[in-house]
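The values are calculated or read from the model by the stated rules, or taken from the named source; none is laboratory data. The shown structure was predicted, so the numbers you read here are calculated from the model rather than taken from an experiment. Neighbour counts run over all protein chains shown; Cβ positions are idealised from the backbone, glycine included.
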Amino acid sequence: MSDTTKNEYIQHKSRRKFLKGLAAGVGLIAMPGKDASASVWEEFFQKHFRELSKDELKVVIGRLEKEYSKKFAKQVTVKTTPPIEGVLYGYGLDLSRCIGCRRCVYACVKENNQSRDPQIHWIRVLQLDKEKGVDLSHAEHYYNPEKVPEKGHFYMPVQCQQCEKPPCTKVCPVQATWKENDGIVVVDYNWCIGCRYCMAACPYGARHFNWGKPGLPVAEMNPVTHYLGNRPRPKGVVEKCTFCIQRTREQPGRYPACEEICPVGARKFGNLLDPNSEIRYLIENKRVFKLKDDLNTQPKFFYFYAT
Amino acid sequence: MKNIWNFFAGTLVLISKGSKAYYCWVLFLLVLMAIGASAYVHQLNEGLIVTAMRDQVSWGFYISNFTFMVGVAAAAVLLVIPAYVYGWGPIKEFAVLGELLAVSAIVMCLLFVTVDIGHPERFWHLIPKIGLLNFPQSLLAWDVVVLNTYLVLNLTISIYILYNLYYKREPNHHFYTPLVLLSIPSAISIHTVTAFLYNGLGARPFWNSSILVPRFLASAFCSGPAFMLLIFLLVRKYTKFKIKDEAIQKVAEIMAYAMFINLLLLGAELFKEYYTDTIHLASVQYLFQGLHGHSALVPYIWTAMIFNVTAFFLFLIPATRRNNITLVIGCILVFVGVYIEKGMGLVIPGFIPDTLHEIYEYSPSGTELLLAMGIWATGLFVYTMLLRVAIPILNRDFHVADDGVGSYIGDQMFLIQQKPEEEPESVETH
Ligand code: SF4
Ligand code: SF4
């Protein structure tokens with residue numbers, strides 16, 4: 001959402017007053033454990049990410065880094081790198097190359113600190129019949145042969161399509177999810193109330209809920225995180241692919257983990273606003289299609305056949 | 001201020017008194033509520049993983065119940081229209097019974113939503129100005145607004161009327177009549193907005209149909225009055241409150257029409273899906289026939305269909321409509337039928353098959369069932385308490401004592417079998 005709307009939401013004064021009153025009231029009734037109490041209350045009263053002033057943001061990040069570092073016994077950083085001017089990310093996926101090995105799925109899990117148990121995958125690879133083409137109703141979700149690719153099949157990975165017109169953000173009752181200026185749709189895990197309306201609205205099954213407490217092994221935790229991306233999530237909130245916001249927004253940027261790992265180079269990533277980028281070349285020169293184009297969600301995830 | 005306190009203290013004394021049946025009923029509800037509460041504590045500790053919901057079917061039994069209860073809440077008040085049009089006697093009495101039912105139903109709605117969300121303690125994010133309510137973009141934000149408005153409106157009307165009657169004043173109809181009239185469009189609005197909530201999702205073809213709103217309203221006009229009728233019959237039998245036969249007959253007749261429209265709209269929907277036979281048929285097929293060997297909902301929806309059609313005929317045929325036994329059977333059939341059809345039958349197939357055409361079969365877990373039972377008990381408890389106060393007040397059995405401070409209680413027992421005066425239980429003789 002744009003800055004003008006953002007400004008409308010800023011009503012610091014009335015809110016502070018209310019929150020102070022509420023804090024006093026609630027505080028009297030139930031005090032959490034002595035040492036935990038301060039940060040628990042801070043977390044409870046934390047404002048929406050986009051309404052935090054610079055100083056408030058610093059405090060929040062400090063608190064989170066301390067909490068995560070202690071929990072995972074390593075130095076964890078939580079970045080808040082903003083979008084880069086003049087960048088709109090786009091993703092290309094070459095269906096003629098993908099062999100369905102699911103390496104991207106697991107690279108993503110590792111990079112983005114998804115819960116191992118209960119299992120959360122941001123990427124779902126579908127096995128389709130060559131005879132039937134892109135027909136989701138005949139997709140096999142849990143194919144598990146000795147060796148891929150299997151004869152007569154092709155594979156189609158699906159993840160968040162970073163829609164230009166995302167139905168998921170429109171429906172969120174508390175604006176806990178929104179589209180950033182570089183086109184990435186993000187979630188504030190500290191603001192999401194866990195109503196799951198966005199999951200009902202997403203046409204691509206791209207949003208995942210933390211049904212239970214995320215199981216993230218200490219040793220496997222990736223300590224380089226972004227507030228809107230791969231930082232550890234609490235239970236009861238929604239999460240999704242962010243095009244590896246913690247990597248792609250850096251300068252010099254890094255590719256998303258899924259594109260880096262792909263053994264056959266089926267994945268392409270780049271800046272849609274840069275006329276010389278590879279992704280622009282693909283869109284202009286290959287046969288490209290978008291999934292469920294008829295819904296007018298305008299995905300920035302392009303499927304194509306290079307050969 | 002003092003008067004309000006005295007009124008409140010009086011109602012507390014009143015609800016502590018009653019017959020054995022009343023005590024047993026209340027105790028029974030309290031036990032169920034306690035069970036529900038402990039299920040909720042369990043769910044809070046473990047997370048929603050104790051439910052059977054998963055990413056594929058991300059809303060389940062709680063939201064199904066919520067959807068159904070919105071219909072009950074809406075229709076309870078809509079009965080004020082016929083009461084007014086046909087002049088069934090003082091409109092305020094019908095309005096009060098209906099509005100109190102609406103209040104209880106909305107309480108249940110709010111509870112069902114609360115137990116469904118992952119972070120209920122973040123409720124304040126929904127308060128405009130303080131949190132960040134996504135109004136007017138999100139239909140859920142609309143729902144928050146209309147449901148709370150409706151709750152406040154109904155509480156205001158009923159408390160205003162009851163409070164004045166308690167102090168032996170005639171409630172000012174210039175004040176309450178406009179509010180009662182306002183509650184009619186707002187009853188329609190809560191159900192419309194709730195239907196839009198599903199309707200507006202392009203991702204879910206099963207819900208993305210323009211007759212969803214009329215279908216919702218038609219079925220609400222069946223289930224809400226069915227419950228009201230049962231309450232009317234009970235209240236008439238076990239308290240001193242009088243309700244004319246004629247009123248009951250009219251309600252049953254209205255339900256027959258509403259059920260006809262409901263079935264007609266369903267038929268239109270089925271025709272469209274089956275005749276065009278696109279891939280969007282999958283959800284309907286799953287619901288009515290089963291899909292790829294998955295058929296968990298099939299027995300339920302057919303039960304609902306049989307119940308609804310049977311009830312339609314029971315209400316349509318004057319003889320069965322006038323017979324109290326078939327009338328009660330009809331009401332129960334409608335209530336259960338619509339509960340299945342507009343609850344699980346509406347919500348779950350929206351998710352099956354899911355957006356990537358995976359089929360995950362959902363049926364509520366034990367925790368979900370216990371918790372939902374607890375919320376139903378809470379709703380019934382609230383309604384019982386409200387009626388315990390309202391009915392004696394409307395009967396002039398509970399009002400301020402002559403000293404102007406204490407209260408007079410003429411109805412110590414509440415629930416006891418009343419002697420039929422003018423044969424309300426008349427059996428059909430031709
Ligand atoms: S794919 Fe789904 S989650 Fe991603 S932006 Fe589109 S609607 Fe939102
Ligand atoms: S689950 Fe969270 S992000 Fe999704 S709609 Fe609800 S509050 Fe918004």
Worksheet item: If we scan segment A:57-72, do we find a residue that is modelled with pLDDT of 95 or more and in contact with a His (Cβ under 8 Å, 6 or more places away or on another chain)?
Response: no
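The rows are residues; the columns are (1) more than 7 Å from chain B (Cβ to nearest Cβ); (2) more than 8 Å from ligand 2 (Cβ to nearest atom).
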| position | (1), (2) |
| --- | --- |
| A:Cys163 | yes, yes |
| A:Cys168 | yes, no |
| A:Gln175 | no, no |
| A:Asn181 | yes, yes |
| A:Asn190 | yes, yes |
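So, in segment A:123-159, of the ones that are aromatic (Phe, Trp, Tyr) and away from chain B (no Cβ under 11 Å), which residue ends up farthest from ligand 2 (Cβ to nearest atom)?
Filtering segment A:123-159 for residues aromatic (Phe, Trp, Tyr) gives A:142-143, A:154-155.
Of the ones still in play, those that are also away from chain B (no Cβ under 11 Å) are A:143, A:154-155.
Numbers: A:Tyr143: 30, A:Phe154: 32, A:Tyr155: 29 Å.
Applying the filter and picking the extreme gives A:Phe154.
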Worksheet entry | Set B:Ala218, B:Ala282: member being within 20 Å of B:Val334 (Cα to Cα) and either part of a helix (DSSP H, G or I) or within 25 Å of the chain's Cα centre (by Cα) (or both) | B:Ala218
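Take segment B:354-384 and flag every residue that is polar (S, T, N, Q) and within 14 Å of chain A (Cβ to nearest Cβ).
Residues satisfying the conditions are B:Thr355, B:Ser365, B:Thr367.
Filter the helices (runs of 4 or more DSSP H) completely within segment B:1-117 down to those with at least 1 residues that are among the acidic types (Asp, Glu) and within 15 Å of the chain's Cα centre (by Cα). Steps first, answer last, please.
Details: elements: B:2-15, B:20-46, B:61-78, B:80-85, B:91-116.
So the answer is B:91-116.
Could you look through segment A:283-307, keep only residues that are within 16 Å of ligand 1 (Cβ to nearest atom) and hydroxyl-bearing (Ser, Thr, Tyr), and pick out the one that is nearest to A:Gln159 (Cα to Cα)? Walk me through it before giving the result.
From segment A:283-307, those within 16 Å of ligand 1 (Cβ to nearest atom) are A:289-303; that's our starting set.
Subsequent filtering for residues that are hydroxyl-bearing (Ser, Thr, Tyr) retains A:297, A:303.
Numbers: A:Thr297: 14, A:Tyr303: 12 Å.
Filtering first and then ranking leaves A:Tyr303.
Condition check: under 26 Å from B:Leu371 (Cα atoms) and surrounded by fewer than 24 Cβ atoms within 10 Å (Cβ to Cβ). Does B:Val103 satisfy that? Break it down into steps so the answer makes sense when it comes.
Details: under 26 Å from B:Leu371 (Cα atoms): yes; surrounded by fewer than 24 Cβ atoms within 10 Å (Cβ to Cβ): no.
In short, no.
Give the residue that is surrounded by the most Cβ atoms within 10 Å (Cβ to Cβ), with candidates limited to residues of segment B:285-331 that are within 14 Å of chain A (Cβ to nearest Cβ) and of a type outside the set (Ser, Thr, Tyr).
In the first step, residues of segment B:285-331 are kept if they are within 14 Å of chain A (Cβ to nearest Cβ); the result is B:285-286, B:291-292, B:294.
So of that shortlist, the ones also of a type outside the set (Ser, Thr, Tyr) come out as B:285, B:291-292, B:294.
Values: B:Gln285: 19, B:Leu291: 22, B:His292: 11, B:His294: 14.
This residue is B:Leu291.
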Practice prompt. Mind counting the residues in segment A:217-246 that are more than 12 Å from A:Val78 (Cα to Cα), surrounded by fewer than 20 Cβ atoms within 10 Å (Cβ to Cβ) and more than 11 Å from chain B (Cβ to nearest Cβ)?
Written response: 5
Response to the item:
The residue that is farthest from the other protein chains (Cβ to nearest Cβ), considering only those in segment B:119-145 that are part of a helix (DSSP H, G or I) and surrounded by fewer than 19 Cβ atoms within 10 Å (Cβ to Cβ), is B:Val145
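Mind counting the residues in segment A:193-209 that are under 23 Å from B:Leu110 (Cα atoms) and more than 7 Å from chain B (Cβ to nearest Cβ)? Let's see the steps before the verdict.
We begin by selecting, within segment A:193-209, every residue under 23 Å from B:Leu110 (Cα atoms); these are A:193-201, A:209.
Pick out the ones that are also more than 7 Å from chain B (Cβ to nearest Cβ) and you get A:198.
Summing the residues that are under 23 Å from B:Leu110 (Cα atoms) and more than 7 Å from chain B (Cβ to nearest Cβ) in segment A:193-209 gives 1.
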